[in-house]
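This report concerns only the one structure given below.
None of the figures in this text is laboratory data; all of them are computed from the coordinates on show. Since we're looking at a predicted model, the values are computed, not measured. Note that we place each Cβ from the backbone using ideal geometry, even for glycine, and neighbour counts take in every protein chain shown.
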Amino acid sequence: GDSVTQTEGQVTVSESKSLIINCTYSTTSIAYPNLFWYVRYPGEGLQLLLKVITAGQKGSSRGFEATYNKETTSFHLQKASVQESDSAVYYCALGDPPNYNVLYFGSGTKLTVEP
Amino acid sequence: DMKVTQMPRYLIKRMGENVLLECGQDMSHETMYWYRQDPGLGLQLIYISYDVDSNSEGDIPKGYRVSRKKREHFSLILDSAKTNQTSVYFCASSSGTGGYAEQFFGPGTRLTVL
């Protein structure tokens, strides 16, 4: 079946430093999956941060970027300079066409940005 | 204001009691979801509803049932709760159009079964 792995449960970064949150995926489908990053701020529901549906492409939003790498089956999230307001839990997710309603989520990475 | 609400936010029940978790959305989305998340695991899909009275099992439906009598409202029911159903439950909705539609999530309900 499909699965998503986020190896870091928690990450702490100082403000203005760079960030990378790792995500790898596995799928048994012959089609390339669609990949997503969702973010959950304290007290709120998950919200879509960015998505990429084509292998080799990069998605970006709010200063975050992620590149869909089908060779390494990875979709790492990066930001050049984090802010305190970026403190949240970040979830990587995969969707396999044509079942467009089903997403498979990683376990989440809690980011704490220190002042 | 696009919103998914969940009630209650926190709930403590004893083993064997019935549990009702409620979810509402104000976006007229056709599709709604119930997930649970346990420590160290990703969100797991319990049930998906494609519209009123059109529900399908997700990956972990055992021990749960759902009800959707109005498009804006989706309930998750645990008949005779078990301690291994202690978890955080998330409801979500999406517009259900072709291709991947963004899922909008509620803030979650933390359920503890003693």
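The table that follows gives values for the structure above.
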| quantity | calculated |
| --- | --- |
| Residue in the range A:28-54 that is surrounded by the most Cβ atoms within 10 Å (Cβ to Cβ), counting only those that are over 17 Å from the mean Cα position of the chain (by Cα) and within 16 Å of A:Tyr68 (Cβ to Cβ) | A:Ser29 |
| Of all residues in the range B:53-78 being in a loop (DSSP other than H, G, I, E, B) and out of contact with any Asp or Glu (no Cβ under 9 Å at 6 or more places or on another chain), the one that is nearest to B:Thr31 (Cα to Cα) | B:Asp53 |
| Residue in the range B:52-72 that is within 13 Å of chain A (Cβ to nearest Cβ), in contact with a Lys or Arg (Cβ under 8 Å, 6 or more places away or on another chain) and in contact (Cβ under 8 Å) with a residue 40 or more places away in the chain present | no |
| Any strands (runs of 3 or more DSSP E) falling wholly within the range A:57-114 and containing at least 3 residues that are within 15 Å of the chain's Cα centre (by Cα) and without any contact (Cβ under 8 Å) to a residue 60 or more places away in the chain | A:58-61, A:64-67 |
| Neighbours by Cβ (under 8 Å, 6+ apart or cross-chain): first from the range A:28-51, more than 10 Å from every other protein chain (Cβ to nearest Cβ); second part of a strand (DSSP E or B) and loosely packed, with under 14 Cβ neighbours inside 10 Å | A:Leu49/A:Ser61; A:Leu50/A:Ser61 |
| Condition check for A:Ala55: out of contact with any Gly (no Cβ under 9 Å at 6 or more places or on another chain) and more than 14 Å from chain B (Cβ to nearest Cβ) | yes |
| Any hit, the range B:76-88, residues being of a type in the set (A, V, I, L, M), closer than 21 Å to B:Glu17 by Cα and in contact with a Cys (Cβ under 8 Å, 6 or more places away or on another chain) | yes |
| The range A:1-27 - residue that is touching a residue at least 60 places away in the same chain (Cβ under 8 Å), not in a loop (DSSP other than H, G, I, E, B) and not hydroxyl-bearing (Ser, Thr, Tyr) and, of those, farthest from A:Lys70 (Cα to Cα) | A:Val13 |
| Matching residues in the range A:85-115 - criterion: being within 13 Å of chain B (Cβ to nearest Cβ), β-branched (Val, Ile, Thr) and surrounded by fewer than 20 Cβ atoms within 10 Å (Cβ to Cβ) | A:Val89, A:Val102 |
| Given (1) touching a residue at least 12 places away in the same chain (Cβ under 8 Å); (2) loosely packed, with under 13 Cβ neighbours inside 10 Å, number of the condition B:Gly40 does not satisfy | (1) |
| Residue within the range B:29-37 that is assigned to a strand (DSSP E or B), touching a strand residue (DSSP E or B) at 6+ places or on another chain (Cβ under 8 Å), without any contact (Cβ under 8 Å) to a residue 40 or more places away in the chain and facing chain A (nearest Cβ under 8 Å) present | no |
| Failed criterion for B:Tyr64 (all others in (1) crowded, with 20+ Cβ neighbours inside 10 Å; (2) under 11 Å from the mean Cα position of the chain (by Cα); (3) within 30 Å of A:Lys51 (Cα to Cα) hold) | (3) |
| Matching residues, the range B:76-114, being among the small types (Gly, Ala, Ser) and surrounded by fewer than 19 Cβ atoms within 10 Å (Cβ to Cβ) | B:Ser80, B:Ser95, B:Gly96, B:Gly98, B:Gly99, B:Ala101 |
